[in-house]
Amino acid sequence: MTNPASLRQTATVARPILELHDVKISYVTRAGRIDVVPALNFSLAKGEALGLVGESGCGKSTVAYAIMKYLGGAGRITNGQILFNGQDMARMSEDELRRIRGSKLAMVYQDPMSSLNPTMRIGRQLEEVPMLHMKVSREEARQRAIKLLGEVNLSDPEMIMERYPHQLSGGQQQRVVIAMALMAEPDLLVMDEPTTGLDVTVEAAVLDLVAQLRHKHDTAIIFISHNLGTVLRVCDRVGVMYFGELVEEGPIREVFANPRHPYTRGLLDSIPTMGADKHSRRLSPIAGQVPSALARPVGCGFAARCSFCEPAACTTAPIPTLPIPGEAHHEAKCVRLAELPPHRRFQVVQGEAISETAKTGENVLTIDHLYKIYRPSGTIFDSKPAEVRALTDIELTAERGRTLAIVGESGCGKSSLAKVLTGIEVATQGKVKLIDWEIGHIPVEKRSQAQKKSIQMVFQNPDSTLNPSHTVGFAIRRALQRLRGITASQAKTQAAELLRLVNLPMEFVNRRPRQLSGGQKQRVAIARALAGDPALIIADEPVSALDVSVQAAIINLLIDLQEKRDATLVFISHDLSVVRFLADHVAVMYLGRVVEYGTVEQVYAPPYHPYTEALLSAAPVAEVGKERDRIILEGSIPSATKLIPGCPFASRCPRKLGAVCDDQPPPEHVTQQGHRIACHIPLEDLAKLNTRAAE
Amino acid sequence: MGAFAARRLAALIITMMVVSMLIFAAFEWTPGQVASKMLGPFATPEQVELLTEQMGLNRPAPVRYIEWVGNVLRGDLGYSTYFKTDVNNIIWDRLGNTLLLASIAFAIIVPCSIIFGVAAGMREGSKLDRSISVLSIVTTSVPEFASGVFLATIFVIILGWLPGASTLESGGDWSIASQLVLPVAVMVLFDLGYVVRMVRAAMVDVMMKPYIRTAVLKGLSFRKVVLGHALRNAMVVSLTVILLQINYLIAGVVVVETIFAYPGFGHMILESALSKDTATVEAATLIIVLIVVVTQIAGDLGYMWLNPRIRFK
Amino acid sequence: MVQAEQALKVKSSGRFWRRLKLLTESPIGLAGAVLVLFWVFVAIFAPWLAPYDPNANNYEALADPLPNDMFLLGTDNQGRDILSRIIWGSRTVLIVAPIATFCAYVVGCTLGLLSGYYRGWVDAVISRLTDILLSFPAIVLYILIIMRLGPSAINVIVAVIFVASPQIIRIVRGITLEQRELDYVTAAKMRGESAIYIMLVEILPNTRGPLIVDSCLRMGYTTIQIGVLGFLGLGLPPPDPDWGGMVQETYGMMSTWPHMSLYPAIAISSLVVGFSLLADGLREISLRD
């Protein structure tokens, strides 16, 4: 995409920091040479931030590591050039390469914990960089490290210097990695999914930090993410990658507001828009999956999954990259650009959503004053290990055929709740009523077959949800036999039916999990959970490990199945837009407590609990013009071993009133419509605060 | 760490108690056997009975066990029927001889295994790695008695450079030092390969860790990455394995000592076992197990000391 | 896509053959397989391959036991044909070693699964016991067990079980502890599977990867141990040939007749090297998968 006419103005003035010309990246494997990236072109001006987005397996990370010239033993750049500050990186010697790595060219990695050396103090890991590249003394290096740790908003940098990585939280670790990357004032920062795996509020803070440091240090950034919302917060330009190719590139606001390539449109349409819900529309997933790069087709790589594909035009010749008329610097790699209908992101028309919350069904699940306290058994030498208060005074209900969503960050107790419901753990105190049974104190082994049949679960991690040794057919048949008590031959026909229900082809009965994609595994897991036709399905982050395009399909499937079977769904998630879309009722949890509960409309509109407000403001949104002012939470979630007399959120609350929050448990305000908020601030005041913030 | 040490000390005492019970149960539960073993095959039943009575062996087993433990704790290890002297007179000299052999071998094995293991593991799949790996697989796969035969054939029979027996007698043609060469060589050959592979595996594992990528992309030279970032992490894992070799070197040398007629601890265990010299076998087993358990604790403490994840928690 | 589909079909239809084919890509593993298969062949066809009765004494050969046209590898101190004794000796080791290893696995897998699955006091008891057995150096444990029970093939197997199963328990326990936390085990509990079903059908099959490599290494190790027991005079009672015993009977005469000890030493070394190389090849393949 460097046809001279479309080069940015800044680029014509000064030489770009980074230029890629027809870069081809290949992996040599036993199966032959795989061209992961066939021919990539783009350039990056000084101080500019380019986001690279796309599904997993599209070659984003490969590009990042190719730029660092760190492709591992099997990877090669087999064609084209990567110019860094005008220098061809392929011609650099090992020494020259070492001199720019860490000084001019630095990287921030996906998993900060594993990116830091576990046996070295943070200080030494930071000091190394300037000592190596700036040839400064240890003391100077130390001063610089302390300064940068302050710049990445870490309080008490001197103490952090003495720490080992495992002594820091995930957010702190990622700040350390960012500080490390900035130690030698690099010209280019390559960030590979830097916020994936962090909690929403922590992610928001890190993204703000990156945006702020970028301008301060005038560093160019390549920001790789699967999350379109995060890219929008940091970048000026965006490149959409599919199958190793840049299918669309341009100024980020133009691309998101007016996406031209069908793939970009597909990605954007897969994400629930804020405000949309399941009653107003279904999500539009992208069918199929990224193909194997072993057999690269002649024409468009997206053709097989594209609903606008016209075989004659799309699959016969290489696809050129075309400028978008009327939009400078915006290009797309599609031959049918001119013929495509204009894109409209789904807009919620007020009143269009059919609010069904008025009618109430019977309660399938009633949770009454539930406590779960883990008491590690003491030994003779360590007599009083701290108690962990995982759940405190939970009160929730879920109605037949409805979805109750439980939202919160890691450590909020949502997984403990799932464990108590499923009987993997038992309640310490309080009641859990499923239909007519009291099950809170019965471990799963002791539950009756009827009780087991009535409650099933869909798990988060597609890789561990199925037994790698068993075929798909075996897994589903076994569940049918156990839960319905039917014969093997009956199970066989019913298993086929279940596969059809979750939209998987019949041949899958003989496949093993490692032959399936993540989305397919989740479908099998859903089929297995449906085997006993349960009254209650608990879904613990079922889509968080999946690409957005696949995520949409699984969410649609869950909605359809729920409607068909009238099952109740308890949906545990950290993703607020998914919850907004899918749920009927929402419970927001913090530190083992429900801080806010209500219908989805109530929770997603003022008055908010201050934590809900912070969560909503932190959630990355991939819609231009819908970005909010962020409320950045300081600190991290306190340890669950501490007994907190007052409000659990007091230590981080931006709206804290004073000592009362620390000392007194907050009262629970309940509206007539059943909306509950546990806060010392009166409801009317909360409503006022929230609307003022929104303005 | 203090609590951990206390816990391990308690475990050590319990283990030693159970082991002593097992040994006692295995060899002294049936009292008649002890007496008949002492008197030999030609004793009459009356003689056996008389001796049994004299030695107090017909008392209940728990009483005799407590008495035996008491004796051992007071330092009385009993009388050796094979060496015809108090066990104390023989066992410590033998242990000393074995420690000499073991410490020389250990002093060779530790640096060599680290050097070869790190050299092989730092670039997985390189020519150096393949050569070191295959060589270590082969040397550890040759049983000690076989490599003893091979080395003796070459250095004793064909070349005549070294003595075939290492009796530690200084009067003969061969110096003590030359007598130690072959036993040490066999031990090192058999054990080194194993330790090298363990260190290599740890190193390979570490080199694939993301923090090594971080170090490379900081611009550090390969040497600095290996020595500054990888080595310590690889050592955290390898330390326990390396320390456990002490057990092999002290107790596992039975074969080596037998081949070269070396007057060591292992050979003593074998001789006394073959001649049913219960007192010596019992004492030797207790000492060996004590050494093993103490090295295990040392290994655990070293692991904790090297690994900040445990040290600072 | 079509190619990928076909590749998948091939995968599921012949996992065993695919693995075998992969083995040919690892020259080291292949060399190991050839060595092991050679000795398996020799053991199976021992009666046809051995030129003489392994226990027949040829008194004329005592004067000149060196290899000659009649006795290709020479004769030993009792005038017995060394080649025939090596050939028959392969049978001893290749019967005792697999049986002993298999028994150790049955014990090790059972206790390891129980220990890792139930945790709590079951784990405490089993782990204490394994700790205690592991605090005996292997060779000392062998000597003690054989001293107590007497030398015989069965007792060698018993001794191997005592020495090897604690290590297998540790491996299986570790894998079980990991697997029992995975979601598919939770799913099995939620559909009401019994503990035995979960251990045997859900968890055990997933231990196979590490255990295949380990079993191969362990076969080699057991072979060494059986040889060592023979060498120390604690193995099979004479006169039946076993390689370790052959060295034991003759190494006193090394200075005059080195061939008597050398050939059996080569035989046992080659078999163990075979097992170890094979294990390395299998490990390499399992990493690729």
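The values are calculated or read from the model by the stated rules, or taken from the named source; none is laboratory data. The structure displayed is predicted, hence computed values, not measured ones. Using ideal geometry, Cβ is built from the backbone for each residue, glycine included, and neighbour counts are taken over all protein chains shown.
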| message | I'd like to check something: does region B:207-229 contain any residue that is among the small types (G, A, S) and buried (at least 22 other Cβ atoms within 10 Å of the Cβ)? | response | yes
| request: Pull up region B:136-190, narrow it to residues that are free of Cβ contacts under 8 Å to residues at least 12 places away in the same chain and charged (D, E, K, R), then point me to the one that is nearest to the other protein chains (Cβ to nearest Cβ). | output: B:D173
| remark: Checked region A:29-65 for anything part of a strand (DSSP E or B) and within 22 Å of the chain's Cα centre (by Cα); matches are A:A49, A:L50, A:G51, A:L52, A:V53
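Do the conditions hold for C:Q167, that is, is it away from chain A (no Cβ under 12 Å) and either surrounded by fewer than 21 Cβ atoms within 10 Å (Cβ to Cβ) or of a type outside the set (V, I, T) (or both)?
Yes, satisfied.
Looking at C:L211, C:L236, C:L262, can you tell me which residue is more than 9 Å from every other protein chain (Cβ to nearest Cβ) and in a helix (DSSP H, G or I)? Give the derivation first.
Values: C:L236 fails: in a helix (DSSP H, G or I); C:L262 fails: more than 9 Å from every other protein chain (Cβ to nearest Cβ).
Result of the check over C:L211, C:L236, C:L262: C:L211.
For A:K446, are the conditions met, namely being within 14 Å of another protein chain (Cβ to nearest Cβ) and not β-branched (V, I, T)? Walk me through how you get there before you give the answer.
Working: within 14 Å of another protein chain (Cβ to nearest Cβ): yes; not β-branched (V, I, T): yes.
Against the criterion (within 14 Å of another protein chain (Cβ to nearest Cβ) and not β-branched (V, I, T)), A:K446 qualifies.
Quick one: is C:G120 touching a helix residue (DSSP H, G or I) at 6+ places or on another chain (Cβ under 6 Å) and of a type outside the set (K, R)?
Details: touching a helix residue (DSSP H, G or I) at 6+ places or on another chain (Cβ under 6 Å): no; of a type outside the set (K, R): yes.
So C:G120 does not fit the description; no.
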| query | For A:G326, all conditions in the list (1) at pLDDT below 90; (2) assigned to a strand (DSSP E or B); (3) not acidic (D, E) hold save one; what is the number of the exception? | reply | (2)
| request: Could you please find all residues in region A:162-191 being more than 14 Å from chain B (Cβ to nearest Cβ), part of a helix (DSSP H, G or I) and over 17 Å from A:H217 (Cβ atoms)? | output: A:G170, A:G171, A:Q172
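Please work out if C:V172 is crowded, with 23+ Cβ neighbours inside 10 Å and outside any loop (DSSP other than H, G, I, E, B).
Details: crowded, with 23+ Cβ neighbours inside 10 Å: yes; outside any loop (DSSP other than H, G, I, E, B): yes.
Answer is yes for this residue.
Name the single residue that is surrounded by the fewest Cβ atoms within 10 Å (Cβ to Cβ) among those in region B:64-92 being touching a residue at least 24 places away in the same chain (Cβ under 8 Å) and polar (S, T, N, Q). Working first, answer last.
In the first step, residues of region B:64-92 are kept if they are touching a residue at least 24 places away in the same chain (Cβ under 8 Å); the result is B:64-65, B:68-69, B:72, B:77-83, B:87, B:90-91.
From what is left, the residues that are polar (S, T, N, Q) are B:80-81.
Numbers: B:S80: 23, B:T81: 18.
Per the stated criteria, the residue is B:T81.
Where residues in region A:109-141 are of a type in the set (A, V, I, L, M) and at the interface with another protein chain (Cβ under 8 Å from one of its Cβ atoms), which of them is farthest from B:Y303 (Cα to Cα)?
First pass over region A:109-141, keeping only residues of a type in the set (A, V, I, L, M): A:113, A:116, A:120, A:122, A:126, A:129, A:131-132, A:134, A:136, A:141.
Narrowing further to those that are at the interface with another protein chain (Cβ under 8 Å from one of its Cβ atoms): A:116, A:120, A:129, A:132.
Working: A:L116: 20, A:M120: 15, A:V129: 29, A:L132: 30 Å.
Within region A:109-141, the match that is farthest from B:Y303 (Cα to Cα) is A:L132.
Name the residue that is nearest to A:T422 (Cα to Cα), counting only residues in region A:449-471 that are among the small types (G, A, S) and more than 7 Å from chain C (Cβ to nearest Cβ).
Pass one, region A:449-471, residues among the small types (G, A, S): A:450, A:454, A:464, A:469.
Those left that are additionally more than 7 Å from chain C (Cβ to nearest Cβ): A:450, A:454.
Values: A:A450: 13, A:S454: 10 Å.
For region A:449-471, the residue satisfying everything is A:S454.
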| query | Out of curiosity, is A:L396 out of contact with any strand residue (DSSP E or B) (no Cβ under 8 Å at 6 or more places or on another chain), away from chain C (no Cβ under 14 Å) and at pLDDT 90 or above? | reply | no
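Between B:A261, B:A273, B:A283, which is within 9 Å of chain C (Cβ to nearest Cβ) and farther than 30 Å from A:V129 by Cα? Write out each step before concluding.
On the way: B:A261 fails: within 9 Å of chain C (Cβ to nearest Cβ); B:A283 fails: within 9 Å of chain C (Cβ to nearest Cβ).
After ruling out the rest, the residue left standing is B:A273.
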| said: Based on this model, can you work out whether C:L37 counts as at pLDDT 90 or above, over 24 Å from C:G274 (Cβ atoms) and in a helix (DSSP H, G or I)? | reply: no
| note | Sole miss for A:S270 among (1) of a type in the set (S, T, Y); (2) surrounded by 16 or more Cβ atoms within 10 Å (Cβ to Cβ); (3) modelled with pLDDT under 85 is condition (3)
| task | Mind listing whichever residues of region A:207-250 are β-branched (V, I, T), touching a residue at least 60 places away in the same chain (Cβ under 8 Å) and either closer than 19 Å to A:C334 by Cα or part of a helix (DSSP H, G or I) (or both)? | result | A:T230, A:V231, A:V234, A:V238, A:V240, A:V247
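Identify, from the list B:A202, B:A234, B:A273, the residue that is at pLDDT below 90, among the small types (G, A, S) and part of a helix (DSSP H, G or I). Outline the logic, then answer.
On the way: B:A202 fails: at pLDDT below 90; B:A234 fails: at pLDDT below 90.
Just a single option satisfies the conditions, and that option is B:A273.
For region B:205-224, how many residues meet the condition of being over 19 Å from B:L306 (Cβ atoms) and either at pLDDT 95 or above or of a type outside the set (F, W, Y) (or both)?
Within region B:205-224, the subset over 19 Å from B:L306 (Cβ atoms) is B:208, B:210, B:213-214, B:216-224.
With the extra rule that they be either at pLDDT 95 or above or of a type outside the set (F, W, Y) (or both), the set shrinks to B:208, B:210, B:213-214, B:216-221, B:223-224.
Matching residues across region B:205-224 total 12.
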| task | Give region A:532-551 a look and list any residue that's small (G, A, S) and at pLDDT 90 or above, or say none. | result | A:A535, A:A539
| query | In the set A:V432, A:V472, A:V426, which member is modelled with pLDDT of 90 or more, of a type in the set (A, V, I, L, M, F, W, C) and under 23 Å from A:V586 (Cα atoms)? | reply | A:V432
| message | With the condition being within 14 Å of another protein chain (Cβ to nearest Cβ), I'd like the helices (runs of 4 or more DSSP H) fully within region A:500-617 carrying at least 3 qualifying residues. | response | A:518-530
